[in-house]
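See structure below.
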Amino acid sequence: MEEKPRVIISHTRKKEPGNNFFSLSPRQIIPGGLFDFRKNAWEVYSQISVPNTSDEAWRRSDIRTLPVSSLQLPVINNYGTESKLPAKLKNTQPSINTGGRVLVTEYCASAFLSPEIQKKGVLFTDLRSAEKDQIDSIHQIAGRIVPPDEGKFAALTAAFARNGILLYVPRGVKVKSSLNGILWGTDPSLMHISHIMVWLEEDSSASFVLESASQNHQHVGMHASNIEILVGEGASLQFIDLQTLSQNTWNFTHSRARVLQNGSIDWIYGAVGSKFSKSFINLDLAGIGARGRISGFYFTDGIQHLDLDTQQDHRAANTSSDLLFKGALKDKSRTVWQGMIYVAPEAQKTDGYQANRNLMLSDGARADSIPGLEILADDVRCSHGATVSKLEDEPRFYLESRGIPKAESEKLLVVGFFKPIVDRIPQPGIQRRFTQIIQKK
């Protein structure tokens with residue numbers, strides 16, 4: 001069977017000279033161990049065209065109102081200004097159950113890793129510090145999982161990321177305590193751009209919780225990030241990715257996890273913030289017996305626009321993937337989920353599943369749900385499904401008939417709708433945090 005090109009993976013790679021978009025300059029590239037990589041990414045950025053609604057991946061998401069002229073990169077010389085760090089974050093200490101924490105803002109970073117974990121050779125620090133001391137580890141992964149030519153914003157992030165997080169776990173090391181990373185946007189007028197790199201060597205394991213957040217404000221801001229994850233042979237990663245940005249923030253992310261032979265990843269994704277968000281989420285099962293599970297939830301209100309583009313690539317035999325995304329929508333918000341399971345000709349014995357469930361809480365909300373399969377092998381089991389529905393009258397009537405007010409009964413039903421996703425989270429503390437976010441929304 002002849003292999004065909006994948007439509008969804010090739011998001012946007014048109015090249016048109018002079019497409020600067022943000023009027024950036026290579027002089028704004030920060031120095032350091034990744035300078036050559038960033039300079040090459042700048043060349044890619046300057047050639048890739050700005051995405052528009054004629055591109056398949058961007059058909060339902062229009063960025064023409066993005067205020068590019070008012071958004072600026074942080075000044076390089078201002079980095080390290082501790083006064084820019086909010087007091088409530090500056091005074092936060094890692095919890096007793098946390099093995100490490102890295103906090104990154106546009107202006108500074110702080111990192112903590114328990115001595116016991118450090119002795120095992122684990123690296124968990126901000127990217128600027130890693131560029132000084134751990135450049136060999138960075139070069140093993142930077143741009144190899146999410147190449148700059150993946151898209152305009154992937155190239156932007158690769159070239160102009162001011163900071164980020166590096167997590168490296170050596171062969172055979174099992175990190176039992178959770179490692180927490182926070183990307184905190186402090187200045188609404190700036191582009192907060194970060195580069196996240198995670199590398200687990202053979203037979204290692206770790207749990208990494210990442211939150212992208214910003215304080216509420218009236219000004220428009222922007223966040224962009226590349227998340228590159230490499231799970232080695234027989235390694236296991238639990239990755240929790242939560243986005244709680246201000247509802248005046250534009251958000252663009254490219255996230256990809258490559259899983260090698262007999263490796264596994266349990267990926268939890270949650271999105272409740274931002275004004276506009278376009279996220280590419282890719283599970284790349286590259287080795288025989290690789291496994292991946294992605295569980296996602298989103299909750300939008302007001303005029304929020306959330307566009308999720310998920311891809312499950314089966315590129316080797318005996319691989320399995322399981323994707324379940326659930327979303328609730330209020331007011332005039334809109335969500336787009338476009339999913340694709342791709343099975344290469346050599347990926348026999350593949351088991352792939354994807355589902356998207358949407359709960360409409362207002363007549364003005366809109367959800368587009370577009371599942372897809374591209375199967376080039378003949379001995380596989382793949383399925384998909386999508387639903388869009390309102391709250392059912394019968395369970396709501398049941399609750400109200402027992403004295404529960406209408407608003408409270410609807411809240412209980414929405415929390416129950418998300419429970420299958422929350423139950424997939426093995427950490428009780430994170431479960432409570434997700435439930436609190438849903439209830440508050």
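The values are calculated or read from the model by the stated rules, or taken from the named source; none is laboratory data. Small disclaimer: the values here were computed from a predicted structure and weren't measured. Here Cβ is always computed from backbone atoms with ideal geometry, including for glycine, and neighbour counts include all displayed protein chains. The area values use the complete protein model at the heavy-atom level, side chains included, leaving out ligands, DNA and RNA. Shrake-Rupley method; radii C 1.70, N 1.55, O 1.52, S 1.80 Å.
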**Asked** Hey, how many Å between the Cα centroid of the stretch 284-344 and the Cα centroid of the stretch 202-233?
**Response** 16
**Fill in**
On the formula 1/(1 + (r/R0)^6), with r taken between the Cβ atoms of Gln215 and Arg381 and R0 of 45 Å, the FRET efficiency rounded to 0.05 is 0.45
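Cross-link list Lys275/Lys419; Lys39/Lys174; Lys152/Lys275: which exceed 31 angstrom alpha carbon to alpha carbon?
Values: Lys275/Lys419 25 Å; Lys39/Lys174 36 Å; Lys152/Lys275 19 Å.
Pairs exceeding the cut-off: Lys39/Lys174.
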**Prompt:** With charges only on Cβ, +1 for K and R and -1 for D and E, what is the dipole size of the stretch 169-299 about its Cα centre, in debye, rounded to 20?
**Reply:** 200
**Asked** How far, in nm, would the chain grow between Lys120 and Leu373 when pulled straight, counting 0.36 nm per residue and subtracting the alpha carbon separation?
**Response** 86.9 nm
**Alpha-carbon Rg with Dmax, taken over the chain, Å** = 21.2, 67
**Prompt:** Quick one: accessible area per residue over the stretch 30-79, 1.4 Å probe, rounded to a whole number of Å²?
**Reply:** 52
**Asked** What does the charge count near Gly172 come to, summing +1 for each Lys or Arg and -1 for each Asp or Glu among other residues with Cβ under 12 Å from its Cβ?
**Response** -1
**Request:** Give me the percent of the accessible area of the chain that comes from carbon and sulfur atoms, probe 1.4 Å, all protein chains in place.
**Result:** 48
**Prompt:** After finding the eigenvalues of the alpha carbon gyration tensor for the stretch 228-330, what semi-axes result from the square roots of 5 times each, listed largest first in whole Å?
**Reply:** 29, 12, 10
**Sparse-neighbourhood loop sites, GluC sites (Glu not before Pro) in the stretch 391-441 - DSSP loop, at most 12 other Cβ within 10 angstrom** = Glu392
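Between His139 and Asp363, what's the calculated FRET efficiency when r is the beta-carbon distance and R0 is 60 Å? Round to 0.05.
0.70
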**Asked** What length, rounded to one decimal in nm, is gained on full extension from Glu392 through to Gln439, with 0.36 nm per residue of separation minus their alpha-carbon distance?
**Response** 15.0 nm
**Residues of the stretch 179-223: accessible area per residue with a 1.4 Å probe, Å²** = 28
**Request:** Note down the Stokes-Einstein diffusion coefficient of the stretch 147-253 in µm²/s, whole number, using a Kirkwood radius over alpha carbon pairs, 20 °C, and 1.002 mPa s.
**Result:** 146
**Item:** Heavy-atom accessible area order for Arg315, Arg432, Arg38, Arg258, largest first, 1.4 Å probe
**Value:** Arg432, Arg315, Arg258, Arg38
**Distant-in-sequence amide H partners of Ala224 (H built 1.01 Å from N, under 5 Å)** = His192, Ile193, Ser194, Phe252
**Request:** Taking the Cα centre of the chain as origin, sum charge times position over the Cβ atoms of Lys and Arg (+1) and Asp and Glu (-1), and report the length of that vector in debye to the nearest 20.
**Result:** 1060
**Message:** Given R₀ = 45 Å, what would the calculated FRET efficiency be for Arg27 paired with Leu399, taking r from the Cβ atoms and rounding to 0.05?
**Reply:** 0.15
**Semi-axis lengths (Å, descending) of the ellipsoid that matches the C-alpha gyration tensor of the stretch 324-420** = 36, 15, 8
**Message:** If you count only protein heavy atoms with a 1.4 Å probe, what accessible area per residue comes out for the stretch 311-441, rounded to a whole Å²?
**Reply:** 49
**Request:** Would you work out if the stretch 271-360 is rounded, prolate or oblate? Take a ≥ b ≥ c from the square roots of the eigenvalues of the alpha-carbon gyration tensor; rounded if a/c is under 1.5, else prolate when a/b is larger than b/c, oblate otherwise.
**Result:** prolate
